[in-house]
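The values are calculated or read from the model by the stated rules, or taken from the named source; none is laboratory data. Everything numeric in this text was worked out from a predicted model, so none of it was measured. Cβ placement follows ideal geometry from the backbone for every residue including glycine, while neighbour counts extend to all protein chains displayed.
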Amino acid sequence: MAGEINEQRGRSFYDRHYKTGGWDYSFWREYRWHRRELVKRFGLRRGMSMLEVACGNGFHTNLFHWMGFDCVGIDRSEAGIGWARDHYPRRTFHCCDLRDMPFSPGSFDVVVARGCSHYHYDLMSDISLETSESIMENVKPGGVFIMTIATDLSGRREPDQIWHNTLEGYRQHFRSFGMQWSVDWVDGMAICGLFNLPESRPKAETNASTRERVLEPAV
């Protein structure tokens, strides 16, 4: 069906892409953007344990280390993880699916997913919901799952192309977990947070309230 994740085609594309080094990022531009939009926005502190899922060839896992986080990267692409291990030998990487991660529950203060393809299609599909559930199992009490992904908010769902989901789509996805969440849009990127608050704190309701951090897009 159009818009569904084609696992085999996706894996083949990323393996070929990562063998040549992946995307050509500017280190300092990425550093400044992530410091402003992730570290400051979510109140992250140096020394926190962090997991980057779908880390590709490890560029941002290394970047988060430079920011002062104890960051581990995972990706299902053997080519991506191989490149990461060769180029960032002092960092830790695992080749695995993000729905089958080799960590004990509640291992990380922060889990980050940047551009994960599971969030580029139907946000209420089993695969998208199961992905977030699996990720949240790795977040410590009081920790946060942060997801960022490119979208123009148009809601376009062209056949055989990635979907450009709206903010309401991302809100629907994250509010379905009955936890505190936030959704914003900056520089063409949806920035979403799901918070694993201690049970003693009130959870968010399914509509906007003062107990949720619901951030409207900057327009």
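The number of residues in region 77-129 being among the hydroxyl-bearing types (S, T, Y) and within 16 Å of L63 (Cβ to Cβ) comes to 2. If the condition is being among the polar types (S, T, N, Q), out of contact with any Cys (no Cβ under 9 Å at 6 or more places or on another chain) and assigned to a strand (DSSP E or B), then region 166-200 contributes Q180, N196. If you check I149, I191, I162, I135 for being of a type outside the set (F, W, Y) and modelled with pLDDT under 95, only one passes: I162. Output yes when any residue across region 75-83 is crowded, with 23+ Cβ neighbours inside 10 Å, among the acidic types (D, E), touching a Cys at 6+ places or on another chain (Cβ under 8 Å) and more than 21 Å from P141 (Cα to Cα), and no when none is. Looking for residues that are crowded, with 23+ Cβ neighbours inside 10 Å, among the acidic types (D, E), touching a Cys at 6+ places or on another chain (Cβ under 8 Å) and more than 21 Å from P141 (Cα to Cα), one finds at least one in region 75-83, hence yes.
Reported count of residues in region 142-165, each being within 26 Å of L51 (Cα to Cα) and assigned to a loop (DSSP other than H, G, I, E, B), is 5. The sole residue among R85, R45 that is farther than 22 Å from M189 by Cβ, among the charged types (D, E, K, R) and either in a helix (DSSP H, G or I) or at pLDDT below 95 (or both) is R85.
Do we have any residue at all in region 52-61 that's surrounded by fewer than 18 Cβ atoms within 10 Å (Cβ to Cβ), of a type outside the set (D, E) and not in a strand (DSSP E or B)? No: zero hits. Taken together, the residues in region 88-140 that are assigned to a loop (DSSP other than H, G, I, E, B), in contact with a helix residue (DSSP H, G or I) (Cβ under 8 Å, 6 or more places away or on another chain) and surrounded by 17 or more Cβ atoms within 10 Å (Cβ to Cβ) amount to 8.
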